[in-house]
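Reviewing the structure listed below.
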Amino acid sequence: MARTLYILGSGQDGGLPQLGARIAADMHARVDPLAVRLGPSVCVLDDDGRCLLIDVSPDIKEQESRLLQVPAYAARPAGNPFDAVLLTHAHMGHYVGLAHFGREAANTRELPVYCTAKMDDFLRRNAPWDQLVALGNIALLPAATMHPWPGLSIRTIPVPHRGEYTDTVGVSINNDILYVPDIDDWRQWPAAREEVARHRVCLLDATFYSRDELPGRDLKEISHPFIEDTLAFFADEAKSRRIILTHFNHSNPVCDPTSPQAGRVLDAGFELAQEMTAIAL
Ligand SMILES: [Zn+2]
Ligand SMILES: [Zn+2]
């Protein structure tokens with residue numbers, strides 16, 4: 001069975017443009033659809049149309065529209081738009097699109113939603129998510145290791161990330177592709193190099209390019225590595241595998257692929273995520 005990962009959203013939780021923002025990148029993205037970055041999400045699509053969605057961003061409707069351009073996805077019968085969902089954590093860019101699964105919208109039936117025990121507890125205890133469980137729109141399942149269907153094996157990996165509501169996981173897909181959209185710092189994750197080294201393709205948190213992007217902000221408040229640091233930290237690993245940076249904040253200069261900063265990323269042997277980039281598994 002041929003199987004492909006699609007990057008559905010390369011933006012940070014708020015996407016590009018970001019609501020209320022007025023910097024040049026936001027103003028440009030409001031008039032140029034090619035500059036838009038959607039909320040953070042990927043999916044794994046089998047040739048027979050079976051589809052695992054990893055995180056449900058606020059842009060899920062637009063992401064489904066783009067996915068419908070892929071024949072294998074378009075051939076799916078009406079009904080649940082995905083066969084299973086995996087959630088990494090409860091920051092708004094990664095799960096609030098679940099609201100579209102309720103009875104006011106898609107009204108999915110017993111859609112398997114895999115997540116950690118803390119995320120499970122959070123969804124069951126808080127409105128409006130508890131209603132999705134009570135009405136049978138979603139069925140919560142533990143995510144530690146999951147085999148949604150034959151040939152697809154998912155391992156979740158706890159990573160350090162600010163956890164007001166839940167813990168956070170990275171995702172290993174068939175021990176081939178690693179997806180870590182949010183992490184506080186590579187150095188706070190002891191297994192960072194080891195996990196990156198065991199995957200052929202890694203999609204990694206690249207929210208901010210450098211400290212220059214955040215004048216006046218206390219560095220202790222910034223719970224993401226900077227791209228400048230990431231390029232140095234994984235320089236050796238990038239020589240023998242694809243490392244694709246993703247989860248770009250609207251202020252990140254690499255959102256413009258013609259920027260000098262984007263050029264530096266490519267020169268260092270790393271790649272930049274783009275909506276609907278396809279990676280064969
Ligand atoms: Zn995020
Ligand atoms: Zn987060």
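The values are calculated or read from the model by the stated rules, or taken from the named source; none is laboratory data. It should be emphasised that the depicted structure is a prediction, and the values quoted were computed from it without experimental measurement. FYI the Cβ positions are ideal-geometry reconstructions off the backbone, even for glycines, and counts take in every protein chain you see. Accessible surface is based on the protein model in full, side chains and every heavy atom, while ligands, DNA and RNA are left aside. Shrake-Rupley method; radii C 1.70, N 1.55, O 1.52, S 1.80 Å.
Please count how many residues of the range 215-246 are without any contact (Cβ under 8 Å) to a residue 24 or more places away in the chain, more than 16 Å from residue 186 (Cβ to Cβ) and either within 16 Å of ligand 2 (Cβ to nearest atom) or not acidic (Asp, Glu) (or both).
6
Please state which of the following conditions residue 106 fails to meet, knowing it meets all the rest: (1) in a loop (DSSP other than H, G, I, E, B); (2) over 25 Å from residue 154 (Cβ atoms).
Checking residue 106 against (1) in a loop (DSSP other than H, G, I, E, B); (2) over 25 Å from residue 154 (Cβ atoms), the one that fails is (2).
Name the residue, out of 137, 174, that is open to solvent by less than 30 Å² (accessible area, probe 1.4 Å) and polar (S, T, N, Q).
Step by step, each of 137, 174 is checked, and only 137 is open to solvent by less than 30 Å² (accessible area, probe 1.4 Å) and polar (S, T, N, Q).
List every residue pair whose Cβ atoms lie under 6 Å apart, where the two residues are 6 or more positions apart in sequence or sit on different chains, the first residue falls within the range 72-83 and is under 15 Å from residue 111 (Cα atoms), and the second residue, located anywhere, is among the charged types (D, E, K, R).
81/64; 83/50
Consider the range 88-109. How many of its residues are closer than 15 Å to residue 62 by Cβ, away from ligand 2 (no atom under 16 Å from the Cβ) and in contact with a helix residue (DSSP H, G or I) (Cβ under 6 Å, 6 or more places away or on another chain)?
We begin by selecting, within the range 88-109, every residue closer than 15 Å to residue 62 by Cβ; these are 93, 96-97, 99-100, 105-106.
Among the residues that remain, those that are also away from ligand 2 (no atom under 16 Å from the Cβ) are: 99-100, 105-106.
Adding the requirement that they be in contact with a helix residue (DSSP H, G or I) (Cβ under 6 Å, 6 or more places away or on another chain) leaves 100, 106.
Adding up the residues that qualify gives 2.
Condition first: open to solvent by 10 Å² or more (accessible area, probe 1.4 Å) and closer than 17 Å to residue 203 by Cβ. Now tell me which residues in the range 230-256 satisfy that. Let's see the steps before the verdict.
Applying the first criterion (open to solvent by 10 Å² or more (accessible area, probe 1.4 Å)) to the range 230-256 yields 231-233, 235-242, 249-251, 253, 255-256.
Selection gives 231, 233, 237, 238, 240, 241, 242, 249, 255.
Can you tell me which residue among 133, 196 is assigned to a helix (DSSP H, G or I) and within 22 Å of residue 222 (Cβ to Cβ)?
Result of the check over 133, 196: 196.
To keep it simple, each residue is scored yes or no on (1) part of a loop (DSSP other than H, G, I, E, B); (2) hydroxyl-bearing (Ser, Thr, Tyr); (3) open to solvent by 30 Å² or more (accessible area, probe 1.4 Å).
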site	(1), (2), (3)
7	no, no, no
13	yes, no, no
18	yes, no, yes
34	no, no, yes
39	yes, no, no
57	yes, yes, no
62	no, no, yes
66	no, no, yes
73	no, yes, no
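Considering 117, 106, 191, which residue is open to solvent by 70 Å² or more (accessible area, probe 1.4 Å) and more than 16 Å from ligand 1 (Cβ to nearest atom)?
Only one candidate qualifies: 117.
Check residue 83 against each of (1) within 16 Å of residue 127 (Cβ to Cβ); (2) open to solvent by 20 Å² or more (accessible area, probe 1.4 Å) and name the one condition it does not meet.
(1)
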